[in-house]
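Here, each number is a calculation from the coordinates, and none is a lab measurement. Not measured: the values here are computed from a predicted model. Please note: Cβ atoms are built from the backbone with ideal geometry, for glycine as well, and neighbour counts cover all protein chains shown.
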Amino acid sequence: MAGGGSVIGQLESGKKVFVWGGLPDEIVQIELIKDNTKYAVGIVKKVLQASDHRVKPFDKVGYLSTSPYQISNFAYENYLKSQLIIQAFALHKLNIVCQVKTDNKDYFYRNKYNYTFIDKSNKTYCSTTNFAITTRQSHAKIPVKSISLPNKNINQFAKQILYTINQNNIRHCHNLLVRSSADGTIIARLYIKSNNFNINCFNQFNNLEICEFDTFTNKIGKTLKTAKTLQLVDKLLNKQFIYSLDSFWQINQAVYEMTLNRIKQFVDSNDSVLDFYSGVGSIGLSVTNQTNQLTLVEIDQINNSYAKINADKNNAAAKIKTASVKTAANLIKQNSLLIVDPARTGLSKELTQQINKVLPKRIIYLSCNPVTQARDIKNIIANYKIVDNLAYNYFCKTPHIEHLIILDKLSIK
Ligand SMILES: C[S@@+](CC[C@H](N)C(=O)[O-])C[C@H]1O[C@@H](n2cnc3c(N)ncnc32)[C@H](O)[C@@H]1O
């Protein structure tokens, strides 16, 4: 498989082709959608020889855009993802084995979803407003009846909103962002391109905000309806967290909690813990207790305002810094236990340099992009050994995977 979710194949001519809708070892007929001198891209039209692992996708229309692994059984998906991680590390001559952990729930797991719409004003004619996806072939929007990644509370809420939109003949809806807590409470924001309708038809949805959205400038405009609240409360390892519709919060909470349990095993009660890229504090605050010194470093002020509330609830002594990890790197000491959970781009260069200079005793690196994680680990591995690693499939059916690595400083020979 290729990292993005297509499978790498060969045309009869021998040219390399990235195929959407195929699995390894299959023979398929494809429609070419790109043909460069070096490689081609195609979409499966007919499966001539199917993989034993092939299953029917839940979302017949649209799975290729949202979650191409829908055609694989779950065990094989996890196997393929473990191979991708192993390959990413092998590229840097790092030999690892990799087990993938899940909670065995591969559909209806997301606690946040962003629905887009299509309506009669669009080029593709639809008599009503519908949810939409963008196709891989033409990058055109097409209507879809169902999307099977968001949890059932979110899908049910989104369908009620869609029903209200159609009952009131509202057009020009842009997108609907919905988030739910584990207890099923929903918060949401609807972005709309025109305000030519009676807003009162949404009055029954207390926790829904409605805003104008200008597609030319890509800017959010006036708030047309305010929500009673846009905050949620959830528990991780029995600690309570508050966060908002726009905060960073992992989308697969059950599997995230499995990761936190694993991380906790590598945190001693007297460790001095630095949680870099800390969001609303969900790792640092859940895996430490009052005996730990804890510092959270996060660049986003709003995330940090929630981290402050969460620290007051769970670990009053935690220090919270609104800073880039680049400027906060000097906080790292030899006795630090450093937790890093960066965005897909991986660690900043300055942070890697500081790690190599100070050599903190343990590094816990959680990543949503094993490719950049492998690059970063190659840059520090001369001073560290990998003591544990596990992948967690937070993003089932999609091409993404989370990977946890624990590194201990090599003892001086
Ligand atoms: C993958 S999220 C992890 C958040 C948190 N650990 C969690 O799991 O909830 C990455 C976080 O890093 C923050 N971030 C991105 N670049 C940063 C930087 N240069 N310095 C500090 N924080 C940064 C983002 O705002 C985001 O909250």
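Enumerate the calculated ³J(HN,Hα) couplings along segment 145-151 in order (Karplus 6.51 cos²θ - 1.76 cosθ + 1.60, θ = phi - 60°), each rounded to whole Hz, writing x wherever the residue is Gly or Pro.
Karplus-based 3J(HN,Hα) across segment 145-151 equals 7, 9, 10, 9, 9, x, 5 Hz.
If you restrict to DSSP beta bridges whose two residues both lie in the chain, what percentage is antiparallel, to the nearest 5?
Working: 56 of 87 bridges.
Taking every DSSP beta bridge with both residues in the chain, the antiparallel ones total about 65 percent.
Just report the Cα centroid separation between segment 211-226 and segment 87-110, whole Å.
Cα centroid to Cα centroid, the span is 39 Å.
Using square roots of five times the C-alpha gyration tensor eigenvalues, list the equivalent-ellipsoid semi-axes of segment 1-54 in whole Å, biggest first. Write down the numbers at each step before the final one.
Numbers: eigenvalues 60, 27, 18 Å².
Working from the Cα gyration tensor, I get semi-axes of 17, 12, 10 Å.
Which of the peptides 304-311, 13-20, 93-100 is most tightly packed, and how do the rest follow, judged by the mean count of other Cβ atoms within 10 Å per residue?
Going by the mean number of other Cβ atoms within 10 Å, highest first, we get 304-311, 13-20, 93-100.
Can you put Glu26, Glu31, Glu402 in order, fewest other beta carbons within 10 Å first? Intermediate results must be reported in sequence, preceding the final value.
Values: Glu26 19, Glu31 11, Glu402 26.
Lowest to highest Cβ neighbour count: Glu31, Glu26, Glu402.
Of Ser127, Gly279, Ile86, which is farthest towards the positive pole of the chain's charge dipole, taken about the Cα centre with +1 and -1 on the beta-carbons of Lys, Arg and Asp, Glu respectively?
After comparing all options, I get Ser127.
Distance check, please: which entries in Lys159/Lys397; Lys308/Lys378; Lys45/Lys193; Lys222/Lys321; Lys15/Lys93; Lys105/Lys145 exceed 26 angstrom between their Cα atoms?
Numbers: Lys159/Lys397 22 Å; Lys308/Lys378 34 Å; Lys45/Lys193 36 Å; Lys222/Lys321 32 Å; Lys15/Lys93 28 Å; Lys105/Lys145 22 Å.
Pairs exceeding 26 Å: Lys308/Lys378; Lys45/Lys193; Lys222/Lys321; Lys15/Lys93.
With a cut-off of 8 Å between alpha carbons and a minimum separation of six or more residues, what is the relative contact order of the chain in percent? Walk me through the intermediate numbers first.
Working: 857 pairs, mean separation 49.4, N = 413.
Relative contact order here is 12 percent.
Enumerate the calculated ³J(HN,Hα) couplings along segment 159-170 in order (Karplus 6.51 cos²θ - 1.76 cosθ + 1.60, θ = phi - 60°), each rounded to whole Hz, writing x wherever the residue is Gly or Pro.
5, 5, 5, 4, 4, 4, 4, 6, 4, 9, 6, 7
Taking amide hydrogens as modeled 1.01 Å from N in the peptide plane, which residues meet the under 5 Å criterion relative to Ile33, leaving out close sequence neighbours?
Amide H neighbours of Ile33, under 5 Å, 5+ apart: Val41, Gly42, Ile43.
Taking the Cα centroid of segment 23-66 and of segment 310-348, what is the distance between the two, rounded to the nearest whole Å?
43 Å
Work out the length of the dipole vector of the chain about its Cα centre, built from +1 on the beta-carbon of each Lys and Arg and -1 on the beta-carbon of each Asp and Glu, and round it to the nearest 20 debye.
Details: 51 positive and 30 negative charges, 100 e Å.
Dipole size: approximately 480 debye.
Note down the magnitude of the dipole of segment 1-54 about its Cα centre, charges +1 on Lys and Arg C-beta and -1 on Asp and Glu C-beta and zero elsewhere, to the nearest 20 debye. It would help to have the intermediate numbers written out before the result.
Values: 7 positive and 6 negative charges, 38 e Å.
Rounded to the nearest 20 debye, it is 180 debye.
By average Cβ neighbour count within 10 Å, what is the ranking of 287-297, 272-282 from highest down? Walk me through the numbers before you get to the answer.
On the way: 287-297: 20.6, 272-282: 25.6.
In descending order of packing, they fall as 272-282, 287-297.
Quickly rank 35-44, 195-204, 109-118 as a protection proxy: mean count of other C-beta atoms within 10 Å, highest first.
Numbers: 35-44: 14.4, 195-204: 12.4, 109-118: 20.9.
Packing proxy ranking, top to bottom: 109-118, 35-44, 195-204.
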